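All of the numbers you see were taken from the coordinates with simple rules; none came from a lab. If you're wondering where the values come from, they're calculated on a predicted model, not measured in any experiment. Backbone-built Cβ (ideal geometry, glycine too); neighbour counts: all protein chains shown.
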Amino acid sequence: MATQHSRSAARLMMAPAVFLLLVWMLVPLSMTLWFSFRKYLPLRGGDLGWAGFDNYVRFVTSSAFWPSVMTTLIIVGGVLIITVVFGVLLAMLLDQPMWGQGVVRILVIAPFFVMPTVSALVWKNMFMDPTNGLFAHLWKFFGAEPVSWLSQASLESIIMIVSWQWLPFATLILLTAIQSLDSSQLEAAEIDGAKPVSRFYHIILPHLGRAITIVVLIQTIFLLSIFAEIFVTTGGAFGTKTLTYLIFQRVLESQNIGLGSAGGVYAIILANIVALFLMRIVGKNLDT
Amino acid sequence: MGRIQLKQVKKSFGDVTVIPPLDLEINDGEFVVFVGPSGCGKSTLLRLIAGLEDMTDGKIEIDGQDATSLPPAKRKLAMVFQSYALYPHMTVRKNIAFPMRMAGMDQAEQDKRIASAAKALNLTDYLDRRPGQLSGGQRQRVAIGRAIVREPEAFLFDEPLSNLDAALRVGMRMEISELHKKLATTMVYVTHDQVEAMTMADKIVVLQAGVIEQVGSPLELYRAPRNKFVAGFIGSPKMNLIEGAEATKHNAQTIGIRPEHVEVSTTDGLWQGTVGVAEHLGSDTFIHVHGVPGCDPMTVRVGGEIPVTHGDTVFLTPNLQHLHRFDAEGLRLA
């Protein structure tokens, strides 16, 4: 259908968009790379010249580096597990016919509309505050000692807050996937003698494979760079310093742009390693 | 044994009654076809037998035992769906094995049954493929294979051929009929296609709006339709129904004559008309004749070829032996 002429016209017309996207990506990337090889201290003399691989070596050898990588992976992994498991359960629940279905579905999606900063503040002050929070009152009602969530169980608390934000996204995607399941498959399985649990494992779960893959991939991209939730709640203390947060501290608190940029390059590498693993594990679901 | 009895079975969805109380008996080894226009409740009736829908009222007995509240899996019935309902992520082998796996059958027996089903259905070369890599006819055979290996008391087919093209449909029709002869198991088959019903059934159940209009063998229905609806539904092309003066001559509200029971002549006959469309099929010629009083157009069938075209005048004479008479309620007059 496409002639030589229409193809070259199409390329010409797509060119501005492609160019814009390339510039959008390449300029910050090359600036990060450039600064990562400079000794650049804005408040202590500015650009102090070529630094070679000093920044890279210093960033990795810092005692905060490996713990921050671990923290990042734990948060991403924890949130993924919670959102996928509960997302599947919630999606199956919402797929059942019930009174007020439309309203319930909108309510379930609501957390996704709350800004990360706001939701973190709400959780921190209204739920997790050790003296005035709802959890503290609940604990006291049952005669237990209130937990100071953000210091005693800091990582778990942050995983909980972030999971709460992302659960609607997972639920929504999985709900649409469940709705696309041909009901006669379930009926056939029922006649074939499959109990509800077997029907879930043999029919529903494989059908959801592709949707789960998409949820995992998209969430990983966003979760690797969570920042607001940590900044607002613990400020990176109590073992909640992720790689993103460490870079932020290097750049703004230590005023060392070169070191921070080197950290940024490590973050890119980490993201790629994670992506590679994910593609290996779940990517095959996207074929066929 | 696969004897199924429906006693005063009733189904409503909310206030809408889809199936008013009906009785039906399906004998062991019979090939029963439910036929009717779409929305007549034939699929619902099949799903009631399968246990996929709950009955509003009434009783279903399978082999003399009350199965009304049995779950689908316990009824020892196998069902083949219109959409095939194969499990897309499993290979053909696993699809066929699924009911046996669920029943916890041992592996050797499973393999044996899969092998014999695959051989019977020409699927041996496709056992390791997924349903997505098969053609429509092959998918249909996998669905049948999945039903066979359970060795059920009865097979339920829900419009299994409607997703296939015309040539394949004729082939599969034959295969299912042969399967029935070989297994001698009860089969209940739902279709809206009266040709399928006529060619396959031992017993046809004609349904309209949830009501059984007539039950009988294909030829009984063809020879003596109980009312106007069955008369018009069974037979292809449709029976011509004539009202008015011509019908009164025979002391009936309506008379019916099948296209194959009308003599066509270009010179003389009882009724005169002009040819609208003549369909020349070679073996037969179907002529739609306009201008016959009380029936316009009248369809007639002539064996072989007859040289008439649009606008020609023809004369028609009904074979009175094959005339059907109906009263004001549309019921057959003896």
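Taking a straight Cα-Cα cut-off under 18 Å and skipping sequence neighbours fewer than 8 places away in the same chain, the lysines within cross-link reach of A:Lys241 are A:Lys124. Here r is the Cβ-Cβ distance between A:Phe113 and A:Leu155 and R0 is 30 Å; the resulting FRET efficiency, rounded to 0.05, is 0.70.
For region B:319-334, 3J(HN,Hα) computed residue by residue from phi via the Karplus equation (6.51, -1.76, 1.60; θ = phi - 60°) reads 7, 5, 4, 9, 7, 9, 10, 10, 8, 4, 7, x, 8, 5, 9, 5 Hz, glycine and proline entered as x.
The convex hull built on the alpha-carbon positions of the protein assembly as shown has an orientation-averaged projected area of 44.9 nm². For a label point 7 angstrom out from the Cα of B:Asp57 toward its Cβ, which stretches of region B:179-216 have the backbone nitrogen within less than 17 Å? Taking a point 7 Å out along Cα→Cβ of B:Asp57, the residues of region B:179-216 whose backbone N falls under 17 Å are B:210-212. Taken along the Cα-to-beta-carbon direction at a fixed 7 Å, the label points for A:Lys195 and B:Lys7 span 3.2 nm. In the calculated pair-distance distribution of chain B, the portion above 27 angstrom amounts to 54 percent of the Cα-Cα pairs. Computing FRET efficiency as 1/(1 + (r/R0)^6) for A:Ile218 and B:Gln82, where r is the C-beta to C-beta distance and R0 is 30 Å, gives about 0.25. Which residues in region A:107-131 have a backbone N closer than 15 Å to a point placed 7 Å from the Cα of A:Leu93 along the Cα-to-Cβ line? Under cut-off, by backbone N: A:107-111. If R0 equals 22 Å, the separation of the Cβ atoms of B:Thr317 and B:Leu219 corresponds to a calculated FRET efficiency of about 0.35.
Mind pulling up the Rg/Rh value for region A:1-111? Radius of gyration and Kirkwood radius, both on Cα. Numbers along the way, then the final one.
Working: Rg = 25.2 Å, Rh = 20.5 Å.
Taking Rh as the inverse mean 1/r over Cα pairs, Rg/Rh reads 1.23.
Loop-located trypsin sites (Lys or Arg not before Pro) in region A:1-79 (DSSP state other than H, G, I, E, B) with a sparse environment of at most 14 neighbouring Cβ atoms within 10 Å: A:Arg44. Pair-distance distribution of region B:157-227: all C-alpha pairs, bin width 5 Å, starting at 0; shares per bin in whole percent are 3, 15, 26, 25, 17, 12, 3. Checked against a 30 Å cut-off, the cross-linked pairs B:Lys10/B:Lys119; B:Lys203/B:Lys249; B:Lys76/B:Lys228; B:Lys7/B:Lys228; B:Lys7/B:Lys112; B:Lys10/B:Lys228 give Cα-Cα distances beyond that limit for B:Lys10/B:Lys119; B:Lys203/B:Lys249; B:Lys76/B:Lys228; B:Lys7/B:Lys112. Here, region A:174-281 has an Rg and a Dmax of 21.3, 68 Å when only alpha carbons are counted.
Convex hull volume of the Cα atoms of region B:216-334, normalised per residue: 97 Å³.
Across region B:164-180, computed HN-Hα scalar couplings (Karplus, 6.51 cos²θ - 1.76 cosθ + 1.60, θ = phi - 60°) run 9, 7, 4, 5, 5, 4, 4, x, 5, 4, 5, 4, 5, 4, 5, 4, 5 Hz from first to last residue, x flagging Gly and Pro.
Counting residues in region A:28-286 as N, plug N into 2.2 N^0.38 Å and put the Cα Rg over that result. List each step's numbers first, then the result.
Values: Rg = 22.3 Å, N = 259, 2.2 N^0.38 = 18.2 Å.
So region A:28-286 has a normalised radius of gyration of 1.23.
Here each label is just a point 7 Å from Cα along the line to Cβ, and for B:His250 and B:Met174 those points are 3.7 nm apart.
Give me the extension gain from A:Arg280 to A:Asn132: residue separation times 0.36 nm, minus the current Cα-Cα distance, reported in nm with one decimal.
On the way: separation 148, 0.36 × 148 = 53.28 nm, distance 4.63 nm.
Extending this stretch completely gives an extra 48.7 nm.
With the simple model of a label 7 Å out from the Cα in the direction of the Cβ, B:Lys181 to B:Arg101 spans 3.6 nm. Legend: mean number of C-beta atoms from other chains within 10 angstrom of residue C-beta atoms, peptide B:86-93, equals 4. Along region A:259-272 the Karplus relation, 6.51 cos²θ - 1.76 cosθ + 1.60 evaluated at θ = phi - 60°, assigns HN-Hα couplings of 5, x, 5, 4, x, x, 5, 4, 4, 4, 5, 4, 4, 5 Hz to successive residues, with x for each Gly and Pro.
Taking one quarter of the surface of the C-alpha convex hull of region B:132-193 gives a mean projected area of 4.4 nm².
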